[in-house]
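One structure is given below, encoded as structure tokens.
The values are calculated or read from the model by the stated rules, or taken from the named source; none is laboratory data. Quantities reported herein were computed from a predicted structural model and do not represent experimental measurements. With ideal geometry, Cβ positions are generated from the backbone for all residues, glycine too; neighbour counts draw on all protein chains shown. The accessibility values were calculated without ligands, DNA or RNA, using every heavy atom of the protein model including side chains. Shrake-Rupley method; radii C 1.70, N 1.55, O 1.52, S 1.80 Å.
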Amino acid sequence: QVQLVESGGGLVQPGGSLRLSCVAIGSSSPPYNMGWYRQAPGQHRELVAIDTLAGTTNYSGLVRGRFTISRDSAKNTVYLQMNSLKPDDLGVYYCYVTLGGREYWGQGTQVTVSS
């Protein structure tokens with residue numbers, strides 16, 4: 001059983017930065033997809049960014065150029081560096097991983113952007 005442990009959320013002022021981390025515990029091989037989704041209050045969960053083991057990345061148009069996804073395969077960890085944060089970036093950020101044909105989700109970490 002794979003468990004995803006997230007960290008790094010919090011409160012930041014507009015224009016600030018945060019870095020989210022997610023480690024996949026219990027994975028015996030590197031997950032194929034590692035990424036992040038977010039859900040704002042009253043909204044559907046949406047893709048933020050995803051990284052594949054093949055080396056491709058995909059970003060939501062809402063965050064491209066401001067957020068950067070990266071992974072440390074040796075540690076089964078994915079990161080999301082979020083710069084130039086806006087109030088619209090507020091939400092619960094969920095780590096997402098695919099491994100062995102299964103999907104796994106983290107518990108979510110809150111990101112609040114407010115002055």
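Details
- Filtered residues of the stretch 105-115 (kept if in a loop (DSSP other than H, G, I, E, B), under 15 Å from the mean Cα position of the chain (by Cα) and polar (S, T, N, Q)): Q107
- S84 vs. criteria touching a Pro at 6+ places or on another chain (Cβ under 6 Å) and open to solvent by 20 Å² or more (accessible area, probe 1.4 Å): no
- Any pair with Cβ under 8 angstrom, 6 or more apart, that starts in the stretch 96-115 at a residue that is free of Cβ contacts under 8 Å to residues at least 12 places away in the same chain and ends at one that is in a strand (DSSP E or B): E103/Y96; E103/V97
- Residue within the stretch 30-42 that is in contact with a Pro (Cβ under 8 Å, 6 or more places away or on another chain), surrounded by fewer than 20 Cβ atoms within 10 Å (Cβ to Cβ) and farther than 23 Å from Q13 by Cβ present: no
- Scanning the stretch 7-29 for residues that are surrounded by 14 or more Cβ atoms within 10 Å (Cβ to Cβ), more than 16 Å from the chain's Cα centre (by Cα) and farther than 11 Å from V111 by Cβ yields one hit, S27.
- Restricting attention to the stretch 51-69, the residues that are open to solvent by less than 50 Å² (accessible area, probe 1.4 Å) and more than 17 Å from T109 (Cα to Cα) add up to 6.
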